Amino acid sequence: MNRFFDRYEYRRDFPRRAFARLDDIEPIVPGLEDDLTFVLDAVDADWKGFGEGGAFNLNDPDLKQRIASYWRGRFGGDGGDGLDGYEEVPIFRLELSLSPGDRFFSQLPRDEERWISLELSDVESDSPVDVYGGLFGAPTRAYLHTAPTNAPSGPLSTLFDMTNWPDASHGDLIAALHPPCDLEALVCFDIGQGSASALVCRCGQPIYYFDTGCGSGRNAPTAPATIDFCTCASPIVILSHWDTDHWAGAAGHAGLQARTWVVPRQTISTTHTTFANDILKAGGRILVVARGAPPLRWSSGRQEYDLQRATGTKRNGSGLVLIVTDHPTGRSWVLTGDASYHLIAQSAPTDIAAMIVPHHGADMGVSSIPFVRSTSNYARLLYSFGPGNGHGPRTPPVRHPVAAAVTAHQNRNWGHGGWTPVTGGQSLAGGDVLATATHLSSHLGGAAAGWSGPPTSLGHLSVCVHSMPVPQN
């Protein structure tokens, strides 16, 4: 395991020179005059492993062939060619907030494709950078003095992207996804600022996880003391998309990493690739859903599943969205990931029993009109966010859920009880809403929804020593 994922032995310094790629930008839908927070995946550019004789020699003419051979071995299950660079490479995450008038504002990337080179210093400037040497560690302060320059994108993409990972066949995906039994509960876990849900069978066994995130980076303090997942029934893990807060709970979790993962092909970089390497080294499988892949539809005795890629181009909007429909009741569960509603490829279900709000209740823009609440007596809207979460450069920071998200769902007949757009997240909601937390410091525990009413029991999940509490239904 790379030190970046170690909760105690993470790196506490910062690289003087870093190769970096954009991982996230806040806000999602910025105005022309909005400040922006840039989150960059990075690696120490002066690491000896990038030099002559190093595991990741950037000037090696055979680098493409060596890395391709490594991933063929990992995906083929024979362990690759012994290359250990992914465990040793010093990876970091950088976060900096800039205003439109700041000198480097226009020179930082707006998409996930471009690699840049940054020079950092401990000499103060007007461009401070928070450097995270660990997924769950506190940041170190550094400063940016010079404009970013181009980095060696070819070799870096060879090392830290999905270029050499094979797409899974439609048949292999359907075979892996076929469930052993019917579902009775949709559980949204309290894991802080992130998303992690389970689709649970009649006896209380998680059959699928849809995301396994938790609070990390700036939002690491939002996570509860214990993050754990029941893997007693060898569940399939469906990763909606590669944003860290949707997989961070599986970092260092041997049970999850040994499972089969269904993931979308997207542009990724250092932390994601290193995490995927840990999955394959733990004996897990990664089945990649190709760009432009046809819908994945399968069924069990009672339920029908529809898993499709959203239609956007960026990471949030091109992830996997899952809709499960129960034949006896005709009702559906909608698991959105971070995809805006207008980018969901599936048609809106006619009768939604439960739906997870995209992106923890972020402002997804005016085009993202929520699926309408049905007229049935029972319907649940699930908000997954961490107490005291913060996003973007504003002071005080933007906290999910935001007023725009609450308003958008209220306008589609989803009752929010005591929440108003201004007070959303500040108290126990009521109405149709189940939320995992309140601001500023209260964890409410996980929430469970059923098909026609709350599940009467979560069976095994209620007693498994590797599960988290689910008190809300």
ask   = What is the distance, in nm, between label points placed 7 Å from the Cα along the Cα-to-Cβ direction at THR149 and at ALA282?
value = 4.0
query = Roughly how many percent of the accessible protein surface of region 276-414 is carbon and sulfur, given a 1.4 Å probe and a whole-percent answer?
reply = 49
remark   = The answer for trypsin sites (Lys or Arg not before Pro) in region 1-48 that fall in a DSSP coil and have at most 14 neighbouring Cβ atoms within 10 Å is ARG7, ARG12, ARG16
key: Carbon/sulfur fraction of accessible area - region 1-59, other protein chains in place, 1.4 Å, %   = 46
remark   = Net charge near ILE91 (other residues with Cβ under 9 Å of its Cβ; Lys, Arg +1; Asp, Glu -1) is +1
inquiry  = If each residue of separation counts as 0.36 nm, what is the full-extension length gain between VAL123 and ASP62 once their alpha-carbon separation is subtracted?
reply    = 18.1 nm
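Quick one: net charge of LEU382's neighbours, Cβ under 12 Å, K/R +1, D/E -1?
-1
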For the chain: accessible area per residue (Å², 1.4 Å) = 37
ask   = So if R0 is 22 Å, what FRET efficiency would CYS203 and SER169 give, r being the distance between their Cβ atoms, rounded to the nearest 0.05?
value = 0.10
request  = For region 430-471 and region 336-410, compute the distance between their C-alpha centroids and round to whole Å.
outcome  = 18
ask   = Roughly speaking, what is the stretch gain from ARG297 to THR226, that is 0.36 nm per residue apart minus the C-alpha to C-alpha distance, in nm to one decimal?
value = 22.1 nm
query = Which residues' amide hydrogens lie under 5 Å from the amide hydrogen of ASP23, considering only partners 5 or more residues apart or on another chain, with H built in the peptide plane?
reply = VAL39, LEU40, ASP41
query = Calculated from DSSP H runs of 4 or more alone, at -39500 (n - 2.57) each and per residue, what is the 222 nm mean residue ellipticity of the chain, nearest 500?
reply = -3500 deg cm²/dmol
request  = Working from the alpha-carbon coordinates of region 72-182, get Rg over Rh, Rh being the Kirkwood radius.
outcome  = 1.11
inquiry  = Suppose accessible area is computed on protein heavy atoms with a 1.4 Å probe; arrange GLU112, GLU304, GLU52 from highest to lowest.
reply    = GLU52, GLU304, GLU112
request  = Pull out the extension gain between GLN107 and ASN377, defined as 0.36 nm times the separation in residues minus the alpha carbon to alpha carbon distance; nm, one decimal.
outcome  = 92.0 nm
message = Using protein chains only and a probe of 1.4 angstrom, how many square angstrom of TYR208 are accessible, to the nearest 10?
response = 0
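Tally Lys/Arg at +1 and Asp/Glu at -1 over every other residue whose Cβ is under 15 Å from the Cβ of GLY171; what's the total?
0
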key: Calculated from backbone phi, Karplus (6.51, -1.76, 1.60) coupling profile of region 117-132 in Hz, x at Gly/Pro   = 10, 10, 10, 10, 8, 9, 7, 4, 9, 8, 10, x, 10, 8, 10, 9
request  = Go through region 177-187 residue by residue and turn each phi into a ³J(HN,Hα) via Karplus (6.51, -1.76, 1.60, θ = phi - 60°); whole Hz please, and just put x for glycine and proline.
outcome  = 7, 4, x, x, 7, 7, 9, 10, 9, 9, 10
ask   = How many percent of DSSP beta bridges within the chain run antiparallel, rounded to 5?
value = 75
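Counting only protein heavy atoms and using a 1.4 Å probe, what share of the accessible area of region 78-145 belongs to carbon plus sulfur, as a whole percent?
On region 78-145, the fraction of accessible area on carbon and sulfur atoms equals 41 percent.
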request  = Apply the Karplus parameterisation 6.51 cos²θ - 1.76 cosθ + 1.60, with θ equal to phi minus 60°, to every residue of region 368-381 and state each ³J(HN,Hα) to the nearest whole Hz, in sequence, with x for glycine and proline.
outcome  = 8, 9, x, 4, 6, 6, 6, 8, 5, 5, 9, 7, 10, 10
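The values are calculated or read from the model by the stated rules, or taken from the named source; none is laboratory data. Bear in mind that the values here come from a model prediction, so they are computed numbers and not experimental data. Note that we place each Cβ from the backbone using ideal geometry, even for glycine, and neighbour counts take in every protein chain shown. These accessible areas exclude ligands, DNA and RNA; they are computed on the full protein's heavy atoms, side chains included. Shrake-Rupley method; radii C 1.70, N 1.55, O 1.52, S 1.80 Å.
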